[in-house]
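Contents: one structure, followed by commentary.
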Number of protein chains: 2
Amino acid sequence: MIKAILASTSTLHNQDYLEYLVSHLPELFKDEEEVLFIPYARPGGISHKEYTAKAAEAFAKAGLKLKGINEFQNPVEAVNKAQGIFTGGGNTFLLVSELYRNKVMNEIKTAVRNGTPYMGTSAGTNIGGLSMQTTNDMPIVYPPSFQTLGIVPFNINPHYLDPDPNSEHKGETRETRIKEFHSINSQPVIGLREGSWIDLKDNKVTLKGELQARVFEKDKLPFEIETGTDLTDLN
Amino acid sequence: MIKAILASTSTLHNQDYLEYLVSHLPELFKDEEEVLFIPYARPGGISHKEYTAKAAEAFAKAGLKLKGINEFQNPVEAVNKAQGIFTGGGNTFLLVSELYRNKVMNEIKTAVRNGTPYMGTSAGTNIGGLSMQTTNDMPIVYPPSFQTLGIVPFNINPHYLDPDPNSEHKGETRETRIKEFHSINSQPVIGLREGSWIDLKDNKVTLKGELQARVFEKDKLPFEIETGTDLTDLN
């Protein structure tokens with residue numbers, strides 16, 4: 001049975017890193033002594049070590065230990081032995097490339113399906129979908145595949161942004177980009193606003209947080225869903 | 001000798017498609033009777049035919065004919081015989097995938113190096129750089145490579161957007177994304193604001209348009225350059 005939190009962002013405006021999620025960590029990781037951290041997305045190019053230290057500080061507030069996958073000699077073994085996994089945000093292309101290079105993409109997928117609790121934020125949430133193809137990130141590196149963990153049977157767009165009606169900018173809006181995704185792909189996409197997350201437990205998939213989320217399905221008009229909405233049958 | 005216009009956007013706020021570029025078309029394509037249009041990026045999923053009709057309407061205002069590559073049986077032959085090439089905007093991942101699938105990426109590269117005039121807007125400009133890795137687009141399809149035309153020896157970020165100092169959004173700014181690009185890649189990146197373009201002629205590379213552009217080099221602070229700046233030695 002899958003247990004997971006897939007959060008749009010790690011950090012809310014005027015808050016500390018993971019602050020709004022800390023109170024939910026003990027329930028997700030309750031039986032675990034130590035959680036494995038995947039720092040591969042390296043936001044802003046910081047080192048794995050610096051990133052792990054930052055995440056460990058937040059986890060300590062929930063009484064949990066965190067150890068970076070970079071501290072293990074064998075990443076595959078680290079995943080297989082993990083009692084819980086947290087993948088932080090950053091660049092999704094880099095994250096996915098490193099997961100494949102270290103041969104842990106399928107290992108994490110299997111572990112999560114077998115019940116290892118998983119948390120992702122931003123890029124770490126993007127890979128919780130069927131593919132990373134609704135990321136907002138720049139393709140700074142060429143990954144061997146766009147296929148990801150498929151913890152949920154749809155795609156996620158983290159940091160979802162509503163169109164600005166006053167904008168004079170001619171770059172595509174997020175909604176237009178997701179429409180382009182659906183000109184080629186068929187799975188639904190959830191636009192997760194910052195502060196929202198998808199919760200998986202007891203065989204249920206639920207929208208959490210204070211805001212609505214936006215659901216995009218191929219050839220349909222997008223629509224809003226309220227927090228608490230059961231998404232178990234969305235696919 | 002390369003002759004090219006690499007424009008940030010096709011359309012300015014409150015203007016028609018290509019309106020601000022139409023007066024520059026006769027100089028770029030002056031000896032040409034018919035320009036080859038590459039509609040592969042298909043903005044918003046429209047058909048190649050619809051997209052070609054839209055572009056042809058704008059080219060007609062400059063007294064030029066435009067024919068879509070989709071109207072030819074053999075795309076490679078179409079490129080080799082082209083008297084000029086215009087690649088429109090849309091999704092860069094789709095554009096690059098289709099250029100490779102139709103085996104014309106290298107053909108266009110060779111044609112442009114041999115003097116066939118080239119114009120790109122948005123995605124069509126992005127591929128004018130060494131790679132498509134500073135695109136803003138979603139990876140809606142998996143291309144066989146991120147390497148592109150290299151009409152200029154650096155990368156381009158079209159639709160460049162300055163950070164909004166009042167934003168409470170925690171998604172990466174454009175500047176942060178380009179910094180992440182430089183954590184892995186070394187070529188310079190030009191952030192081209194809407195209304196700016198890079199002009200190549202007489203062995204010179206020049207910034208054109210009314211606005212400044214922003215130059216990003218690995219391990220250096222980004223800086224602004226004025227319109228008219230000679231970029232011939234940037235690499």
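Can you confirm whether B:Thr116 is in contact (Cβ under 8 Å) with a residue 12 or more places away in the chain, within 27 Å of A:His169 (Cα to Cα) and among the polar types (S, T, N, Q)?
Considered against the rule, which asks whether it is in contact (Cβ under 8 Å) with a residue 12 or more places away in the chain, within 27 Å of A:His169 (Cα to Cα) and among the polar types (S, T, N, Q), B:Thr116 comes out as no.
Would you please list the contacts, defined by Cβ atoms under 6 Å and residues six or more apart or on different chains, that run from a residue in region B:187-216 that is closer than 16 Å to B:Gly120 by Cβ to a residue that is small (Gly, Ala, Ser) and in a strand (DSSP E or B)?
From region B:187-216, the pairs are B:Ile190/B:Ala213; B:Leu192/B:Ala213; B:Ser196/B:Ala213; B:Trp197/B:Ala7; B:Leu200/B:Ala4; B:Leu207/B:Ala213.
If you go through region B:164-207 one residue at a time, how many are small (Gly, Ala, Ser) and within 7 Å of chain A (Cβ to nearest Cβ)? Spell out the reasoning first.
Residues of region B:164-207 that are small (Gly, Ala, Ser), as a first pass: B:167, B:171, B:183, B:186, B:191, B:195-196.
When the remaining residues are screened for being within 7 Å of chain A (Cβ to nearest Cβ), the result is B:171, B:183.
The qualifying residues number 2.
Please specify each residue of region B:31-50 satisfying the condition of being among the small types (Gly, Ala, Ser) and touching a residue at least 24 places away in the same chain (Cβ under 8 Å). Please lay out each step first, then the result.
First pass over region B:31-50, keeping only residues among the small types (Gly, Ala, Ser): B:41, B:44-45, B:47.
Those that are among the small types (Gly, Ala, Ser) and touching a residue at least 24 places away in the same chain (Cβ under 8 Å): B:Ala41, B:Gly44.
Give all pairs with beta carbons closer than 6 Å in which a residue from region B:65-79 that is open to solvent by 70 Å² or more (accessible area, probe 1.4 Å) meets a residue that is not in a helix (DSSP H, G or I); count only pairs at least 6 apart in sequence or on separate chains.
If the second residue must be not in a helix (DSSP H, G or I), the pairs left are B:Lys65/B:Glu34.
Of the residues A:Ala62, A:Ala58, only one is out of contact with any strand residue (DSSP E or B) (no Cβ under 7 Å at 6 or more places or on another chain), of a type in the set (A, V, I, L, M) and modelled with pLDDT of 95 or more; which?
The match here is A:Ala58.
Restricting to region B:55-80, count the residues that are assigned to a helix (DSSP H, G or I), among the small types (Gly, Ala, Ser) and either touching a Phe, Trp or Tyr at 6+ places or on another chain (Cβ under 9 Å) or within 14 Å of another protein chain (Cβ to nearest Cβ) (or both).
4
Report, by residue number, each residue of region B:51-64 that is among the charged types (D, E, K, R) and under 20 Å from the mean Cα position of the chain (by Cα).
Residues satisfying the conditions are B:Lys54, B:Glu57.
Return a yes/no flag: does region A:84-102 have any residue that is within 14 Å of another protein chain (Cβ to nearest Cβ), of a type in the set (D, E, K, R) and within 21 Å of A:Glu194 (Cα to Cα). Talk me through it step by step, then tell me what you get.
Of all residues in region A:84-102, those within 14 Å of another protein chain (Cβ to nearest Cβ) come to A:88-98, A:100-101.
Still in the list and also of a type in the set (D, E, K, R): A:98, A:101.
If we keep only those that are within 21 Å of A:Glu194 (Cα to Cα) too, we end up with none.
No.
Among the numbered criteria (1) under 28 Å from A:Asn203 (Cα atoms); (2) away from chain B (no Cβ under 14 Å); (3) among the hydroxyl-bearing types (Ser, Thr, Tyr); (4) open to solvent by less than 30 Å² (accessible area, probe 1.4 Å), which single criterion is violated by A:Thr52?
(1)
If you scan region B:117-158, which residues turn out to be within 12 Å of chain A (Cβ to nearest Cβ), among the hydroxyl-bearing types (Ser, Thr, Tyr) and either surrounded by fewer than 24 Cβ atoms within 10 Å (Cβ to Cβ) or under 28 Å from A:Asn126 (Cβ atoms) (or both)? Before the answer, list the steps.
Initially, region B:117-158 is screened for residues within 12 Å of chain A (Cβ to nearest Cβ), giving B:121-123, B:126, B:131-148, B:155, B:157-158.
Imposing the further condition that a residue be among the hydroxyl-bearing types (Ser, Thr, Tyr) reduces the set to B:121-122, B:131, B:134-135, B:142, B:145, B:148.
Result: B:Ser122, B:Ser131, B:Thr134, B:Thr135, B:Tyr142, B:Ser145, B:Thr148.
Of all residues in region B:20-46, count the ones that are within 12 Å of chain A (Cβ to nearest Cβ) and open to solvent by 10 Å² or more (accessible area, probe 1.4 Å). Before you say what the answer is, go through the steps one by one.
Taking region B:20-46 and keeping what is within 12 Å of chain A (Cβ to nearest Cβ), we get B:20, B:41-46.
Subsequent filtering for residues that are open to solvent by 10 Å² or more (accessible area, probe 1.4 Å) retains B:20, B:42-46.
Residues flagged as within 12 Å of chain A (Cβ to nearest Cβ) and open to solvent by 10 Å² or more (accessible area, probe 1.4 Å) within region B:20-46 amount to 6.
Quick one: A:Leu161 ticks every box in (1) outside any helix (DSSP H, G or I); (2) open to solvent by 10 Å² or more (accessible area, probe 1.4 Å); (3) more than 9 Å from chain B (Cβ to nearest Cβ) except a single one, so which number is it?
(3)
Considering only region A:106-149, state which residues are closer than 19 Å to A:Met1 by Cα and among the hydrophobic types (A, V, I, L, M, F, W, C).
Within region A:106-149, A:Ile108, A:Ala111, A:Val112, A:Met119, A:Ile127, A:Leu130, A:Leu149 qualify.
If I filter region A:164-215 down to residues being basic (Lys, Arg) and part of a loop (DSSP other than H, G, I, E, B), which single residue comes out as most open to solvent (accessible area, probe 1.4 Å)?
A:Lys170
Look at region B:81-110 and say how many of its residues are assigned to a helix (DSSP H, G or I), open to solvent by 10 Å² or more (accessible area, probe 1.4 Å) and farther than 19 Å from A:Pro139 by Cα.
Qualifying residue count, region B:81-110: 6.
The values are calculated or read from the model by the stated rules, or taken from the named source; none is laboratory data. None of the values given here were measured: they were computed from a predicted structure. Heads up, the Cβs are rebuilt from the backbone with ideal geometry, glycines too, and the neighbour counts pull from every protein chain shown. Side chains are part of the model used for accessible areas, which takes the heavy atoms of the whole protein and leaves out ligands, DNA and RNA. Shrake-Rupley method; radii C 1.70, N 1.55, O 1.52, S 1.80 Å.
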